[in-house]
Structures are given as structure tokens and as C-alpha cells.
Amino acid sequence: MLTATYTLVALSVEQASVRVSLQSLQKLLPTNFRNQAALTPGQVTYACDALQRLFHNCHWRKIDIFLIPAMRRATAQANSLLDELDALSDAAGHAIADVVARVNAGPIDSEAAVRQFCKGIGAFCDAMLTRLDREEHELFSLARTMISGEDWFAVANQMLAHDAYRQESRPARDGGPGDMADAMPAASLRAAERRQAAWAAG
């Protein structure tokens, strides 16, 4: 079970990093945005860029790419939990869609618009933080008992290969964040899911 322990520790480190980013964005809202009658274009861009990075980081976590597919292969007992985790991700996606719609509607130049903008970002953070909690307190313990030693070894190898690939391709991938409205369409999400499935199968 050492491989399982090391793998879960690596996943927990990734979880902690995402959690800190989500909490930082949450704290930004009451401190800088909620009491304003309007937001400047720079404030909107800053928040949208942060949200886009978080969306990407949440969507490409190793737990989604490697652990959850291994759980689905190992047992049907986790299906209900995994469906509930998917529902939280869906809620986060709907929240992002609300933010995109608010940004596309025009300047955030009224108290109502500011509230709607902040509500969408807050809902995204809340849904993902709830998912992180459930993964750490429910999914990890279930995975430890349900996934075989051989499958843990395969997951660990896939994660190492993934890290090596990311390190090698980092110069090509690094760059500034793109337009938020172009980052979230359903077609892009489906493409990302197909790439996740390919990683898991590899």
C-alpha cells in the first residue's frame, strides 16, 4: 500500500494548491468588489483571468485524469459518489457560464451587475471547494480500499509520465491567459474530457 499512500499524498498536495487559489479568489470578492457601485475594466479582467486559470487547474487535476477513471474501473460502489462530484463540477460550470454572460452583457457599471458578477464567481468557488472536501474525506478513503495494488502502481506511473510530459512541454504551453468568453464553451469542455479519457487509457 505504499504506492497508494505516496499517490494520495501527491494528489493531496495538488488539492491543497487548488484550495488556496479558490480561497484567495473568494477573499477578493468582499475585500475589493462587493461594496463597489461599479467595476473597472481592469478589475473585471483581473477577476476573469484568475477565474479562467482556476477553471483550467480544477479541470486538469490528476484526480480527474487518473484516480477517478481507476475508481470507475475498480468498483461500481463509488458510482453514486462520483455522480455527486460530477454534479458539483456541473454547478461550477453553470456559475462560470453566468459570469461569462454577465461580462458579455456589457460593462459592470451598477451595484446589481457587481452583485451578479461576484455571485457567479462565489458560486464557482463554493462548488469546487465542496468537491475538494468530499474528494479528500470520502473519495480518497474509498479509493484506498477499492483500488488494487497493481492499479495503484499503474496510476502512479501515469502521473509520473504526465508530470514529465508537462515539464517537457512547458515552454510551448506557457503564455498569457486568453479571452474568458472563448475559454468556456461546451465544445472545449467535451474536447478536454476526451483528452482526459485518453490520458487515463494511456
(request) Divide the volume of the convex hull of the Cα atoms of segment 1-85 by its number of residues and quote the answer in cubic angstrom per residue. (result) 110
(request) Extending each Cα 7 Å along its Cβ direction at Ser148 and Ala37, get the distance between those two points in nm, one decimal. (result) 6.8
(message) Taking 0.36 nm per residue of sequence separation and subtracting the Cα-Cα distance, how much length would be gained by fully extending the chain between Arg73 and Ser141, in nm to one decimal?
(response) 22.8 nm
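No value in this document is a laboratory result; all are computed from the given coordinates. Everything quoted here is computed from the prediction, not taken from an experiment. Note that we place each Cβ from the backbone using ideal geometry, even for glycine, and neighbour counts take in every protein chain shown.
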